[in-house]
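Presented below is the structure to which this report refers.
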Amino acid sequence: MTPFAIAGVQMYVNALQPNVEGMIQRLDILMARFPWTQMVLFSELAPFGPLDRFALPPENETIEQFQAAARRHRVWLIPGSMFLKHPEDGRVYNTSVVINPEGEVVRRYAKMFPFRPYEAGIAAGNEFCIFDVPDVGRFGLSICYDMWFPETTRQLTSQGVEVLLHPVLTGTTDRDAELAIARATAAQFQCYIFDVNGLGAGGVGRSCVVDPTSMVLHQSAGQEDMFPIEIDLNMVRRQRETGMKGLGQLLKSFRDRPTDFPVYDRDSGADAFLHTLGPLEIPQQGSRAGLHVDVPAQQVPAEIPTYKGKNGFPPEPLASPTAGTAPEVAQTPAPVAPAAGTPDPQTTPDTPGQNDNTSG
């Protein structure tokens, strides 16, 4: 067994004031309660919230504070991510740093897939993040929307990543889908997933930890949470050799694939359909994009609708040829005289006569 303890911290994130001191305070509490923790992961944009107007230069005092905290507690620390502005071209990147127990920044990662079109002003990174924990295993990092593109995890796991660290900021109605993707990713790529969301301006919570069989080891609710989980990387290695539960050997099957995928060749034309889709933009009120209708919504006349059978649709057919028509009047037979000795009902005292006009 190769045990390693990773803790996620799901905390309330403010949008208009820094959260750095609160993060360090929670780290102190976590390490006091669970001193066996070896790595700590916060949610996406936890230090300063989701507004890029608080972007900092790549080297800043906040990162130094996190370095000191990691060194003090002797833990690997990934303090979520923050917006960092490139000093030359001014581009803003959603960037995570990986800090080792000596307080050194060993990796930086810029989110590859900003949540466009909603994050249109954020630049996309183009380098993957992989690092080794000595005598433990290989780790990779992706941020939020990156996981919706399985190619990112494919690249990481093809290079041996066994644990995927995944800080997110999801405060929208697609969190259920994101949780399903986390489980599917763990099973598809036979790795652990640590998916840490925030609260308030940092998301709706419901962080989760998933093992390589897609089993959820922990799922937070909608309140603050610290969840240290000890993982076994031998489970990853065993499963990659023998298959999930002795079944699918996915990574080896992909390695031995009989075909390549032309869709990844931009010059192949295999993605021609994608170019028929409209621009990547935020939908507006009344949008009919993708519906392929000829009449815009605003040109539909607002008139009183006509009803069936009245200047509109033709009347429905009748159930039978004679239904709805007046019945023929039957010929009234001539009255028959009563037999002798039979009382006439019209003159019987107990029976009202035909000429009785009394109201009932």
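Side notes on the structure shown:
- Only one of the listed residues (104, 127) is free of Cβ contacts under 8 Å to residues at least 24 places away in the same chain and either β-branched (Val, Ile, Thr) or open to solvent by 50 Å² or more (accessible area, probe 1.4 Å) (or both). That residue is 127.
- Criterion (in contact with a Leu (Cβ under 9 Å, 6 or more places away or on another chain) and surrounded by fewer than 12 Cβ atoms within 10 Å (Cβ to Cβ)) met by exactly one of 223, 219, 188: 223
- Subset of the range 191-214 (residues that are more than 22 Å from residue 160 (Cβ to Cβ) and either touching a residue at least 60 places away in the same chain (Cβ under 8 Å) or open to solvent by 30 Å² or more (accessible area, probe 1.4 Å) (or both)): 196, 197, 198, 199, 200, 201, 202, 203, 204, 205, 206, 207
- Against the criterion of being buried (at least 18 other Cβ atoms within 10 Å of the Cβ) and more than 15 Å from residue 147 (Cβ to Cβ), residue 178 does not qualify.
- Residue check, residue 138 more than 27 Å from residue 239 (Cβ to Cβ) and open to solvent by 20 Å² or more (accessible area, probe 1.4 Å): no
- Considering each residue of the range 245-259 in turn, at least one proves to be open to solvent by less than 70 Å² (accessible area, probe 1.4 Å), out of contact with any helix residue (DSSP H, G or I) (no Cβ under 8 Å at 6 or more places or on another chain) and assigned to a loop (DSSP other than H, G, I, E, B).
- Number of positions in the range 55-83 that are in a helix (DSSP H, G or I) and of a type in the set (Asp, Glu): 2
- Listed by first and then second residue, the pairs with beta-carbon distance under 6 Å, at least 6 apart or on different chains, first residue in the range 264-290 and over 24 Å from residue 151 (Cα atoms) and touching a residue at least 60 places away in the same chain (Cβ under 8 Å), second assigned to a loop (DSSP other than H, G, I, E, B) and not hydrophobic (A, V, I, L, M, F, W, C), are 282/117.
- Answer from 27, 56 - the residue that is farther than 13 Å from residue 73 by Cβ and either among the charged types (D, E, K, R) or at pLDDT 95 or above (or both): 56
- Each residue in the range 202-239 was checked for being in a strand (DSSP E or B), within 17 Å of residue 136 (Cα to Cα) and of a type in the set (D, E, K, R), and 2 pass.
- Some residue of the range 58-75 being out of contact with any Gly (no Cβ under 8 Å at 6 or more places or on another chain) and on the phi > 0 side of the Ramachandran plot: yes
- Wholly within the range 86-181, strands (runs of 3 or more DSSP E) carrying at least 1 residues that are more than 23 Å from residue 206 (Cα to Cα), of a type in the set (Lys, Arg) and touching a strand residue (DSSP E or B) at 6+ places or on another chain (Cβ under 9 Å): 105-110, 137-141
- Among the residues of the range 59-80, those that are more than 12 Å from residue 105 (Cα to Cα) and open to solvent by less than 50 Å² (accessible area, probe 1.4 Å) comprise 60, 62, 69, 73, 75, 80.
- Residue check for residue 82: of a type outside the set (Asp, Glu) and more than 30 Å from residue 239 (Cβ to Cβ): yes
- Boolean, residue 79 is at pLDDT below 95 and touching a Pro at 6+ places or on another chain (Cβ under 7 Å): no
The values are calculated or read from the model by the stated rules, or taken from the named source; none is laboratory data. Because the structure is predicted, anything quoted here is derived from the model rather than measured. Heads up, the Cβs are rebuilt from the backbone with ideal geometry, glycines too, and the neighbour counts pull from every protein chain shown. When the accessible area is computed, the model is the full protein with side chains, heavy atoms only, and any ligands, DNA or RNA have been set aside. Shrake-Rupley method; radii C 1.70, N 1.55, O 1.52, S 1.80 Å.
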